[in-house]
Every structure is written in C-alpha cells, then in structure tokens.
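What follows is a set of notes on a single structure, which appears directly below.
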Amino acid sequence: MLLRLVRRSYAAVRPLSTEAATTVKSTSLGGGTSTTTSLEGDTSIATSTRGRDTLGKRLLSLVYAKRSAVIAIRKWKEQGHPVRKYELNRIVRELRKHKRYKHALEVCEWMRVQDDIQLLSGDYAVHLDLIAKVRGMNSAEKFFEDLPDNLKVQTTCTALLHTYVQHKDIAKAESLMEKMSECGFLKYPLPYNHMLTLYISQGQLEKVPGLIQELKKNTSPDIVTYNLELAVFASQNNVEAAEKAFLELKKEKLDPDWITFSTLTNIYIKNSLQDKAKSTLREMEKRISRKTRAAYASLISLHTNLESKDEVFRIWKEMKSIFRKLNDTEYTCIISSLLKLNEFGEAMSLYTEWESVSVTKDTRISNLIVAAYINKNEMEKAVDFHNRMVQKGISPSCTTWELLTRGYLKQKEMDKVLEYFKKAVTSVSKWDPDTKMVQEMFHVVEEQGNIQVAEQLLVTLRHAKYVNTKIYNALLRTYVNAGKMPMIVAERMKKDNVKMDEETQKLIGLTSKMTVTEVPNSVA
C-alpha cells in the first residue's frame, strides 16, 4: 500500500516535463555565469495537427524502435518543410508520454548537433533523463560530466538526481544533494521530493522527518511533499499526524489534490473512521477529471473497502462513458473489487468483456478469476477456467501454476501439487522462492509419510536452486513418519552443498534403525 501511494505522489512530481511553461534561473555548479532555462509550451501534437501531415505524426508513427527518428527528420527537411525547436520539444514530450524513449533521445541528439538550434539547460535535462532510460545510469553520469560548467545547473543536477532515485542509489543521491546545497540549488522542493520518494521506497522512513525539516528551512513544501508525508503516515496508521499535516498544507494555502484525499480516505478506512472516510472521498471525487484518469481506479478501490457496491458500479459506469477504451489496469481494479464484494457473476461478466476486447492477453487478469475459484474451493472450475485461458491464447504464468499448486495443496492432493509446482518452477528462468508454500507442501507430505512426493519435491527444488538444511530435515521427517530409512542422505547433502545441523543428525539416527528403501531414481 505504501509503495502504491508513493508511486501516485511521485507521478505528480513531473521532474523533466516540457509541458509546463516555466522559467528557472540557476547558478552554475562549476562557478560560471548564470543561465535562464525556458521550458516550452504544452500544445499537444495529437490534438493540434489533426487531418494534416506533420513531422510529429511522422515521428509518432515510427512504432518500431529500429526505425530512425533522424532519417524521418531529414526527409521532412528535404521536402522543404521547416523544423522548429518548439515543435521538436513538443514531439519529444509526446514520445516520452508514450514511452518511446529511444526515438525521443534521437530527436534530442539531432537537435544538439544543429547549428541553428540553441539549446537551454532544460533541454539538456530532458536529454540526460532519456539517456538514463535508454542507456543506463552510467551513461547519464558521463553525459553530465561532459557538460560545460555553465550547463551544470539546477535543472541538469535535478535530472541527474532523478536518475539516481530511479536506480535507487541512495549514496550517490545523497552526495549530489550535498553538492547542490553548496551551490544553492535547493531553493525549491523538487529535489527534496525526489529524495523523500527514494527514502520511502527503500523503507528508510526514519530519514523522512529530518529531510522535511531541512526542506522547510530552505524553501516551502508543495502539495507533492505533503502527499509523500501523508503516505508515510498512512503506512504508520497515524491519523493524528496525517490530520495535522493536512491542516498545515491548508494553512500554507496549498490546494489538496485527489491524491491527498485518496491517502486520507485510506487512513480513515484502515482506522474504521467511516464518516470521515466518506467525507474525504466526496472531496476526492470533486477533484478528478479526464486528465486524472488514475483517480477513477483509486475511487473504485476505496469504495470497495467501504463496501459501497452501488458507488463502485456508479464510478465504473461513469468511466465507461468518459473513456473510449478501458485499459488492463482498470479492468483489474473493477474485477478484483467485485470479487472482494462477492459479486462473482458481475466479475465474470466483466472478465468476458475484457477477454473480447483485450489485445494484451494479460495473464494477471485471468489469474484473478483462477484465484477466486480456488478461494471458493472449486478446483474443478479453476482448472476448467485455466483451460479456457489457454484456448483463448492467454499463456499461463508462474503465478497461474502457483495458484493451482496452492489450490490442490488445500485439498492435500499431493500428486497434483507436484505436477503444478513443477510447471511453476520450470516456467521461469529464476524461480522466486515462496518459502511458506514450500513449508506447507512438506508439512503435508510429512503428515502423509509420502516419501515418493517428498523426494520429487526435493528434485524440483534442486532444479530451482533452492535446497537447504530445513528442506532435507523435512524430507527426513517424512521418512520417519513412513517408517523407512533413506539412502545416502549425507552424500546427497554434500553434493548439494547443504550442511547438517543437530536435527539432521538426530533424524538420520532415527531412520537408521528403520526398513531400508531403494535409492531414488533421481539420485541413483
């Protein structure tokens, strides 16, 4: 929940947007002259050029990354069309919006080598950010280091800081903040917001209060700062601190946005303050629009947590009237909400609707229905639905197989458990161990004394490179319950580089007096 709140707040930071018309005066990091950075206007290519051929349309039509933006610009010029900087800046903005970072970077690099285009520090900040996205943090650092001193200013430093935050490099981010402080670049809240995001995402919440105090000494917090602070209080379930922060932002004459009220509502719901939650939810709804699309999914989730079925259906109906096409995230939200509200029929109906229009075939949405059947202990229907997924061209993921594994584990059908667990482990290049599920599997085979399944589980876990002393002890306990003696356990543990503990030695001693079993085929 905390990370989701942080992502919402962080999305509002807009560190390198060419959308806002702003002017920032900065002092050079290298001690040179001051420079003025102008970020261009926000006219949208998609809406302003409808019906005629434009450079923007040509560049946006380069769907495949291998196609060259530079070639497209050259052809445009060869046909006698002018190429203006403000237009290219708008194109870069649109490309970034659609996550077409490679083409956006090519446009920036083309502008940089044009004698008739004068770039400002804000342009270099965008360029640096795109290099980080396309070529990585080291390349972005090299780009910054190679800039002349008069361009190592507030905007480009903040862009580099943003890169460190995205790569979760706390040491480099803190070091850069110190240098920016020395140069007087911390006179506005954006760098602090970046650092707050980094600390929160890495769980270093103890650093947040001190950083906010430092921010207040040098500048004034903005709404993003307060939203990040509220996210921390939400994670701590601290209603009093959250309300105090909200009063403070109102005193500072800042306008709370939908994220502010969404976070407050979440805090109130978690603390069973229903009336307050409903009040903040109404305030949240007043602040959403077509431009704040993510807010609608948040509204649905919050109404779900308040068990307001009618409101969930109302918001969904409103979304369908506003947006021409709903995305996977929105279908995930409504389907999971309806399942929480025990509206399985409605959830299935919307799943079928998604299935008919989806081009992504995102397994995560199908997994919601698989999980719902399993939660209802309807394994036959879960498997039938899985077969329907496959027929519809939706490929099962590791999560799908793990869900089915858990379903059969609840029923203690260990042959089926083994079948689906093997598929889970082999469906990915590196399996992320689910220790709780492994413990539960061995607990059941121990109870049953099922040494055949226990041995095969060991083989599967060896394939996943997840074998340890606890697993071998569970295997030995299974043999104890079966009244059998395993063969060459010490040799197998040595081969797997697993050490014995006191329990291992005790269990080997117990089983040594039991009936001898054959060496398992997987070991022989």
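The values are calculated or read from the model by the stated rules, or taken from the named source; none is laboratory data. These numbers come from a predicted model, not from an experiment. Note that each Cβ is placed from the backbone with ideal geometry, even for glycine, and that neighbours are counted across all protein chains shown. Calculation scope for accessible area: heavy atoms of the full protein, side chains included, ligands and nucleic acids excluded. Shrake-Rupley method; radii C 1.70, N 1.55, O 1.52, S 1.80 Å.
Structural remarks
- Residue check, CYS157 surrounded by fewer than 24 Cβ atoms within 10 Å (Cβ to Cβ), over 22 Å from the mean Cα position of the chain (by Cα) and on the phi < 0 side of the Ramachandran plot: no
- Residue within region 478-490 that is under 20 Å from THR405 (Cβ atoms) and buried (at least 16 other Cβ atoms within 10 Å of the Cβ) present: yes
- Against the conditions (1) within 30 Å of THR332 (Cα to Cα); (2) open to solvent by 20 Å² or more (accessible area, probe 1.4 Å); (3) among the aliphatic types (A, V, I, L, M), ILE374 satisfies every one except (2).
- Flag for VAL107 being part of a loop (DSSP other than H, G, I, E, B) and open to solvent by less than 40 Å² (accessible area, probe 1.4 Å): no
- Failed condition for GLY393, given (1) modelled with pLDDT of 95 or more; (2) open to solvent by 20 Å² or more (accessible area, probe 1.4 Å): (1)
- Long-range neighbours under 8 Å by Cβ, at least six apart or interchain, first residue under 17 Å from LEU254 (Cα atoms) within region 227-240, second open to solvent by 30 Å² or more (accessible area, probe 1.4 Å): ASN227/ARG8; ASN227/ALA12; ASN227/ASP257; LEU228/TYR10; LEU230/PHE246
- Residue tally, condition out of contact with any Ser or Thr (no Cβ under 8 Å at 6 or more places or on another chain), more than 16 Å from ARG287 (Cβ to Cβ) and open to solvent by 40 Å² or more (accessible area, probe 1.4 Å), over region 228-271: 13
- Taking (1) within 17 Å of MET137 (Cβ to Cβ); (2) open to solvent by 20 Å² or more (accessible area, probe 1.4 Å) in turn, LEU198 satisfies each apart from (2).
- Single match in ARG58, ARG74, ARG67 (criterion: modelled with pLDDT of 50 or more, assigned to a loop (DSSP other than H, G, I, E, B) and not β-branched (Val, Ile, Thr)): ARG67
- Any hit, region 201-211, residues being open to solvent by less than 10 Å² (accessible area, probe 1.4 Å) and either within 23 Å of LYS152 (Cα to Cα) or under 21 Å from the mean Cα position of the chain (by Cα) (or both): no
- Helices (runs of 4 or more DSSP H) wholly inside region 128-217 containing at least 1 residues that are farther than 25 Å from LEU228 by Cα and among the basic types (Lys, Arg): 137-146
- The residues listed here are LYS142, LYS57, LYS77; of these, the one that is closer than 29 Å to HIS167 by Cα and either open to solvent by 30 Å² or more (accessible area, probe 1.4 Å) or without any contact (Cβ under 8 Å) to a residue 12 or more places away in the chain (or both) is LYS142.
- Qualifying residues in region 280-308 (those that are polar (S, T, N, Q) and either under 25 Å from the mean Cα position of the chain (by Cα) or not in a helix (DSSP H, G or I) (or both)) - the one surrounded by the fewest Cβ atoms within 10 Å (Cβ to Cβ): SER289
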